[in-house]
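Notes follow once the structure below has been shown.
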Amino acid sequence: MDEEDRLARRFEASRPRLRAMAYRMLGSLSDADDAVQEGWLRAAGANLEGWFTTVVARICLDMLRSRKARREEPLDPDEAVVAGPEQEAMLADSVGLAMLVVLDKLPPAERVAFVLHDTFGLPFGEIAAITGRTPASARQLASRARRRIQGSERPRPRLARQREVAQAFIAAARGGDLGALIAVLDPDVVLRADAVASPSGVPVTIRGAAAVAGGARTAAARARYGRVALINGSPGLVMAPRGQLVLALAFTYSGDKISQIDVIADPARLDALELSVLDG
């Protein structure tokens, strides 16, 4: 077996790990596969072993910077709710859609540093070379990303109960269970949807548990993409088909009931949300 064959075999053995790493950075299976393939082309051209992770990570960082530099058209929430390729759906579930949404809000270098260190265990010296920073700066990148992802505070006992309520809401919405929806809503609950989230294109306000529950039941197809996440410090729902945030439901709680729901689809408002991942 010649050196090129040995290199190809090693790369193929590393492909699943590299693909998983690139997917966490880019949030798109097709982009991840492109990055891995480009990494192979560069590594094969240089004929160097052990370079695979570094090359793919650098490509992902370049792709993230390019993506942030250009203004992409926002997805229409209804058009976005289509089943992606089964392989990508499985990979998204393994990472966690809420995690992908939060990762997508990180600056490129922070996202890369966090994924490489916290998920794949690369030392900061190697991350520094990839990001063009010092090891100390690479450590700070990962630390900042970790704080953004986990939130500034650990979950409090009240958050645990609110999370249960949010999970009960999304489960009832998926199943179209009107009674279960009403059970987690305050009788005087108010739902406000912004113009982008509203089918009519104008802001909508709905009052009362029965009316809000009825609307949630009609959105059962969209609810399949909902995941619980911390939104501005409280458990709410993010909807992100294939990891791209298109809709958020920010909940306000009164005791163990949801008393207000803000349905947000406007890209500027989505960008302004503080999102973090709930543990467990």
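The values are calculated or read from the model by the stated rules, or taken from the named source; none is laboratory data. All figures in this text were calculated on a predicted structure; none of them were measured in a lab. Cβ: placed from backbone, ideal geometry, glycine included. Neighbour counts: every protein chain shown. With ligands, DNA and RNA removed, areas are computed over all heavy atoms of the protein, side chains included. Shrake-Rupley method; radii C 1.70, N 1.55, O 1.52, S 1.80 Å.
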Open item on the list: Against the condition closer than 24 Å to residue 225 by Cα and surrounded by fewer than 19 Cβ atoms within 10 Å (Cβ to Cβ), how does residue 168 come out, does it pass?
Closed with: yes
Open item on the list: For the range 133-142, check the following and say yes or no: at least one residue is among the hydrophobic types (A, V, I, L, M, F, W, C), in a helix (DSSP H, G or I) and either touching a residue at least 40 places away in the same chain (Cβ under 8 Å) or within 21 Å of residue 229 (Cβ to Cβ) (or both).
Closed with: yes
TODO: Given the conditions (1) touching a strand residue (DSSP E or B) at 6+ places or on another chain (Cβ under 8 Å); (2) within 23 Å of residue 244 (Cα to Cα), report the number of the one that residue 144 does not fulfil.
DONE: (1)
- [ ] Name the strands (runs of 3 or more DSSP E) wholly inside the range 190-280 in which the number of residues that are among the hydroxyl-bearing types (Ser, Thr, Tyr) and open to solvent by 20 Å² or more (accessible area, probe 1.4 Å) is 1 or more.
- [x] 204-207, 234-239, 247-254, 257-264
